[in-house]
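J.: Sharing a structure with you now.
The values are calculated or read from the model by the stated rules, or taken from the named source; none is laboratory data. Model, not experiment: these values are computed from the prediction. In this analysis, Cβ positions are derived from the backbone assuming ideal geometry, glycine residues included, and neighbour counts consider all displayed protein chains.
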Amino acid sequence: MSSMFRGAAAALLVLTGAAPLSSQDYPKTPPAPGPLTPAPFPPFRESVLPNGLRLLVVESHKQPVVSISLSFPAGASVDPPGKEGLASMAAGLLTKGAGRRTADQISDAIEGAGGSLSAGAGADFLAINSTVLTSSLPLAFELLGDVAVRPTFPGSEIELLRTQSLSGLQVALTQPETIADRAFRRAIYGAHPYSRSEVPASVKAITREDLVRFHRTRLRPGGALLVVAGDVTLAEARRLALRAFQGWTGVSAAVTPFPTLPARPRTELLLVHRPGSVQSNIVVGNLTYPATDPRTYAATVANQVLGGGAASRLFMTLREEKSWTYGAYSGFVRRKGMGNFSATTEVRTEVTDSALRELMRQLERIGSEAVPAVELDAAKGSITGSYPLSIESADQVANAVANARLYGLPADYVQTYRVRIGAVTAEQVQAVARATIRPRAAAIIVVGDGAKIYDRIKDIAPVSIVDPEGKPLTPEDLAPKAVRVDLDLAALAVRRDSFVVRFNGAEAGWMRGVLEKTPDGWRYIEDTRLGAFVVQTTTLELDATGAMKAVKQTGKVQGQDAAIDVSYAGGRAKGTASAPDPQTGQIKRITLDTAVAAGTLDDNSVQALVPAFRWAPGAKWTFNVLSAGQGEIKPWTLAVTGTEQVTVGTGQVEAYKAELSGPSAPLVLWVSTAKPHLLLKIAIAGQPLEFTRVP
Amino acid sequence: MDSRRRLASLVGLAGILAATAVATAQEPARIAFETYQLPNGLTVILAPDRTTQVVAVDVWYDVGSRNEARGRTGFAHLFEHMMFQGSANVKKAEHFQLIERAGGNMNGSTNEDRTNYYEALPSNRLNLGLWLEADRMRSLAITDSNFANQREAVKEERRLRVDNQPYAGALFEGVYALADSTGCFPYAHSIIGSMDDLNAAKTPDVKAFFDLYYAPNNATLTVVGDFDTPATKALIQQYFGDIPRAPEAPPVECRSAFGTGAIRKVWPDPKASLPGVVLAYRVPEYRSNDMPVIELLATILGQGESSRINRTVVREKKLAQGAFVFANLFGPRRGPGNILALAISNTGVSPDSLEAGMAAEFARLVQEGVTEAELTKAKNAYRTQLITQQQQALNKAEALQGASMFLGDPEAVNTNWKRFLAVTVADVKRVAALYLRPENSLVLLITPGGTP
């Protein structure tokens, strides 16, 4: 029985008051769908104003709310080379001063009415959006007119936004997802502006003239689209628009058409080496077609099957079946000039190669095999089912309509979406997949720990390696080159170290160390107290050459017991450790039994051996360090970066300033230039925590 | 144009000068609903709307972290995970696949007072949403392996959300220092619970918790949107009617309203790269007459570009790169709540300076009160949010549930907004003086990095 009949039969049963349903009627399988309710898109009317501004109004009077979206063909793709971020900055500044209003007056006005007004720029378009209650619509138009037509770009607001952008960028650029996305766009878009992204240098290079020129040439009524959705009529919207945009003329500067890029001849893999990364971020993809391509419906269905959600092939295999990842997805991105397809996932380092191979297999499969009818129908059902949820509110409607118009989709795209998706065939899905996904000529980006993954992925495709800044690396660069530090053993002598710990200038604790002579070498005992959070004693046993023999640590970190008991013998380190994970703060308990190369130090031994390093301007050492608490051997680098005066007690002492990179938080050390080379001060890079020697 | 619109446009023009025009009487539309109870105690609220093609199914269980005893924290939240692991007729993880295939979206959440589970679906899949909720209410699969898996998932979630996100620890755990752990333990511990308690829990404990709290007499089912009422009532009877009721759950003990006295703590945060400050004050339970005042006060102090904290602390003095103020961040509760501010330092600003800047703004508000313009703005923001949210079926369902649990009657969804609009400048001054006192406060100084 078809689902329609079943639904009708159930309804009949209820209406005719048939026998009361008992628990025996409780279905043991998910009930079938009822007939699809038609979801008509609200009617919309279009009009062009005398100044060339296209107006589109979608009426819906269910709630007294109106959503406005004013868009221009002026996105990141028109940022001049070296000034990436211009469109985005200009958008952010439009509401920070316009006409006779300051930023504060604008926010007072719109927020005073309980509404919102904001602007942003994507790759292709800049949009100003506002949502208000109907009674405030005239105010919204008045403000919209001001910010679009006569923004003032005050210098103080420019600098404030620049500072905020730079802070945000600083964080974003360390995130592997951002690194992967940028590398992917560079790989597929070649010389086209879609490949470029804002960087600190480009954001710093943007001037007020750039912003003013951007506005003057690109934010004009000709080429712009104004969409008004909600409790409004065309006549009213037109009247308000005519008044708000009075005197505004001109056409937005043309956007250079997308050039033909050479087709990628074969798959290439770019490995972005992020030492110590516990996960790999993978992106695989290609260019597709311009936004107006009619294959968009087939592509949407193909994507739903492949990687469109929790019921998709990528999710089901990489996550549900193999537990390699929390998520694996794919997507077709629409761009005016040339769109792209990508499949992405984030996996544990150890399974990078397996996950990548499975991903490639799925990309191959979607183009080489017809999707079975059941799977195809499920994917289509998912898309058509979600349609009414995507047009519930005025701002959802405004965005859907604006998108379709701006990207040049068919005039009836939004209204006929469901029907067209329903009509997609398995052949069309396979054809668009073959044409656009192309796993044998794709760009693969892997951001992860090259030292651990390079050997296992190098046969998947030809590999080139870079660091996160883009500097080319060789496979040899991936392996840490650590050497045994040449110590000046004669400089080691019995001594006492005493440091006061200050947090943000206020005393927060102390650290004391004692270096003692023992029959077969040295012993360093360090006591640390940091408020109530850290109470720790560490004892290092070293042999006569300063090499590690044993380390014991006892104490509490944030109220939890943290202990280390590791001994070194015959080229191995063995023992147990429990210490807080630097990423999560949670106590990790581990058993250690690992090979250690000669010259491997403990993470506590640098401090003990400071006087024995051969300190000099420009000195640099790279050595392996076993952080027993984490069970990890990593290369650390200690490099002298300069000389400066340091306050110790009431006096000033000349010191070498050195940076120690490798520990979870990089450190800065100051060591007296005069012998004995004593550690005078330790600071944690970028944080208000300092250890200063007490004389 | 009708006279109301004409008046609106006149007022709109005047508003350009006054910047805070009192919007004309734009009231939220009435939500029509009916409510009834099944013999097994399940409360049902139905709010049909044939003008949409969406339907929302929303179940609230009257269980949250407030129902947890010492040594047993984290159960309610753990349950939320277990509820997606399959039931008698639904395979593990099948729940979200079924909803996704239907084109719907779904989720669940736990807070101190309640656990909710909801689906928004195209209206021809209403039966699927109801059936999935019924199947897990009647027959959740609780096995040793399921429980162990979900315990791991909860730990992983804790790592990702709380431990891995900067500033989250202070919000998810630190703020509970405000509450009185001896007299009101239910509201004095975090929702995610202690890993030690979860590690010590056994499968029979978990099963007992489920049997007691996940029962029809402890639940409210709300359906909003495009459905036929008689047919839906019949479906609800068919799916939920024979689920047996459970014994009444024990009452929640909360003897003293708050802890007392100012508290000040340093909160190390390994994930934060810049210092932050949380400033929080104890406030009464959600149904108190003072709560609408407190919510409007939070808007004026710290929501939006024109808020006081944003103007002075962020823009003028540049102490913070961002800050907000919220009342009851995790939602209303039947027990004591809080109003809290979170600010993140700009580079080079010490947590002490930031705290001083924030405290000064709070003190200024206590001293001077707020202006009529600010109060009107907050009311307009509240009204706009209410109206825009009501465009979506799921939001209406949640509003009905909240009114039922926290205000005692779903009809409050149609009247509660009037309490907000009735607040006066004098009310704000009184309430600020009463609650925003240093001796009623908690200060958390969030320090970047844990140990050196």
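J.: Those residues that are over 19 Å from A:Glu632 (Cα atoms), in a loop (DSSP other than H, G, I, E, B) and away from chain B (no Cβ under 13 Å), I need them from segment A:539-582; list them, please.
T.: If the condition is that a residue be over 19 Å from A:Glu632 (Cα atoms), in a loop (DSSP other than H, G, I, E, B) and away from chain B (no Cβ under 13 Å), then A:Ala544, A:Thr545, A:Gly546 are the ones that fit.
J.: Hey, could you check segment A:606-653 for residues that are surrounded by 17 or more Cβ atoms within 10 Å (Cβ to Cβ) and in a loop (DSSP other than H, G, I, E, B) and say which is nearest to the chain's Cα centre (by Cα)?
T.: A:Gln630
J.: Sticking with this one: How many residues are crowded, with 20+ Cβ neighbours inside 10 Å and either touching a Ser or Thr at 6+ places or on another chain (Cβ under 6 Å) or within 14 Å of chain B (Cβ to nearest Cβ) (or both) if we restrict to segment A:401-417?
T.: Number of matching residues: 3.
J.: Next question. Look at segment B:374-391 and say how many of its residues are more than 19 Å from the chain's Cα centre (by Cα), farther than 17 Å from B:Arg308 by Cβ and more than 7 Å from chain A (Cβ to nearest Cβ).
T.: Qualifying residue count for the region: 0.
J.: Same structure again: Out of the residues in segment A:498-528 that are closer than 17 Å to A:Leu689 by Cβ and among the aromatic types (Phe, Trp, Tyr), which is nearest to the chain's Cα centre (by Cα)?
T.: A:Phe503
J.: Here are the criteria: (1) under 25 Å from A:Ala562 (Cα atoms); (2) away from chain B (no Cβ under 14 Å); (3) free of Cβ contacts under 8 Å to residues at least 40 places away in the same chain. Tell me which single one A:Asn624 does not satisfy.
T.: Condition not satisfied by A:Asn624: (3).
J.: Here are some conditions: (1) surrounded by fewer than 17 Cβ atoms within 10 Å (Cβ to Cβ); (2) within 13 Å of chain A (Cβ to nearest Cβ); (3) over 30 Å from B:Arg437 (Cα atoms); (4) in contact (Cβ under 8 Å) with a residue 60 or more places away in the chain. B:Pro230 meets all but one. Which one does it not meet?
T.: Of the numbered conditions (1) surrounded by fewer than 17 Cβ atoms within 10 Å (Cβ to Cβ); (2) within 13 Å of chain A (Cβ to nearest Cβ); (3) over 30 Å from B:Arg437 (Cα atoms); (4) in contact (Cβ under 8 Å) with a residue 60 or more places away in the chain, the odd one out for B:Pro230 is (4).
J.: Moving on to the next point. Which condition number does A:Arg220 fail, the rest of (1) more than 30 Å from A:Gln63 (Cβ to Cβ); (2) charged (D, E, K, R); (3) in contact with a strand residue (DSSP E or B) (Cβ under 7 Å, 6 or more places away or on another chain); (4) not in a loop (DSSP other than H, G, I, E, B) being met?
T.: It is condition (4) that A:Arg220 fails.
J.: Could you please let me know if B:Gln321 is facing another protein chain (nearest Cβ under 9 Å) and part of a strand (DSSP E or B)? Walk me through it before giving the result.
T.: Details: facing another protein chain (nearest Cβ under 9 Å): yes; part of a strand (DSSP E or B): yes.
In short, yes.
J.: Take B:Ala373 and decide whether it is surrounded by fewer than 22 Cβ atoms within 10 Å (Cβ to Cβ), of a type outside the set (S, T, N, Q) and without any contact (Cβ under 8 Å) to a residue 24 or more places away in the chain.
T.: no
J.: Among the residues of segment A:376-391, is there at least one that is charged (D, E, K, R), farther than 30 Å from B:Thr388 by Cβ and within 32 Å of the chain's Cα centre (by Cα)? Don't jump to the end; show me each part of the working.
T.: Keep residues of segment A:376-391 that are charged (D, E, K, R), which gives A:377, A:380.
The next check asks that each one be farther than 30 Å from B:Thr388 by Cβ; those that pass are A:377, A:380.
Next, only the ones that are within 32 Å of the chain's Cα centre (by Cα) stay: A:380.
Yes, segment A:376-391 has at least one match.
J.: Which residues, counting only those in segment B:349-373, are over 30 Å from B:Lys265 (Cα atoms) and at the interface with chain A (Cβ under 9 Å from one of its Cβ atoms)?
T.: Across segment B:349-373, the qualifying residue is only B:Ala373.
J.: Could you please give the count of residues in segment A:543-567 that are within 24 Å of A:Pro611 (Cβ to Cβ) and either in contact with a Lys or Arg (Cβ under 6 Å, 6 or more places away or on another chain) or free of Cβ contacts under 8 Å to residues at least 12 places away in the same chain (or both)?
T.: 1
J.: Would segment B:422-431 turn up any residue that is in contact with a Pro (Cβ under 7 Å, 6 or more places away or on another chain) and free of Cβ contacts under 8 Å to residues at least 60 places away in the same chain?
T.: Looking only at segment B:422-431, we keep the residues that are in contact with a Pro (Cβ under 7 Å, 6 or more places away or on another chain), and these are B:423.
Narrowing the set further to residues that are free of Cβ contacts under 8 Å to residues at least 60 places away in the same chain leaves none.
There is no residue in segment B:422-431 that is in contact with a Pro (Cβ under 7 Å, 6 or more places away or on another chain) and free of Cβ contacts under 8 Å to residues at least 60 places away in the same chain.
J.: Can you pull out every residue in segment A:486-510 that is under 26 Å from A:Gly599 (Cβ atoms), touching a strand residue (DSSP E or B) at 6+ places or on another chain (Cβ under 6 Å) and buried (at least 19 other Cβ atoms within 10 Å of the Cβ)?
T.: Hit for segment A:486-510 is A:Asp497, nothing else.
J.: Report, by residue number, each residue of segment A:250-279 that is loosely packed, with under 12 Cβ neighbours inside 10 Å, under 22 Å from A:Val78 (Cα atoms) and either of a type in the set (Val, Ile, Thr) or modelled with pLDDT of 95 or more (or both).
T.: Across segment A:250-279, the qualifying residues are A:Thr256, A:Thr260.
J.: Only one of (1) within 13 Å of chain A (Cβ to nearest Cβ); (2) within 27 Å of B:Arg334 (Cα to Cα); (3) within 23 Å of the chain's Cα centre (by Cα) is not met by B:Pro39, so which one is it?
T.: Answer for B:Pro39: the failing condition is (3).
J.: If I ask for residues that are farther than 12 Å from B:Asp180 by Cβ and among the acidic types (Asp, Glu), which ones from segment B:251-293 would you list?
T.: Taking segment B:251-293 first, the residues farther than 12 Å from B:Asp180 by Cβ are B:251-252, B:262, B:264-281, B:283-293.
B:Asp269, B:Glu285, B:Asp290, listed by residue number.
J.: Also: For segment A:507-536, give me each residue that is more than 8 Å from chain B (Cβ to nearest Cβ) and small (Gly, Ala, Ser).
T.: Hits for segment A:507-536 are A:Ala508, A:Gly509, A:Gly513, A:Gly521, A:Ala532.
J.: Of all residues in segment A:223-236, count the ones that are within 13 Å of chain B (Cβ to nearest Cβ), assigned to a helix (DSSP H, G or I) and hydrophobic (A, V, I, L, M, F, W, C).
T.: So in segment A:223-236, the residues within 13 Å of chain B (Cβ to nearest Cβ) come out as A:229-233, A:235-236.
Narrowing further to those that are assigned to a helix (DSSP H, G or I): A:235-236.
Filter once more, so that each one left must be hydrophobic (A, V, I, L, M, F, W, C): A:235.
Within segment A:223-236, residues that are within 13 Å of chain B (Cβ to nearest Cβ), assigned to a helix (DSSP H, G or I) and hydrophobic (A, V, I, L, M, F, W, C) number 1.
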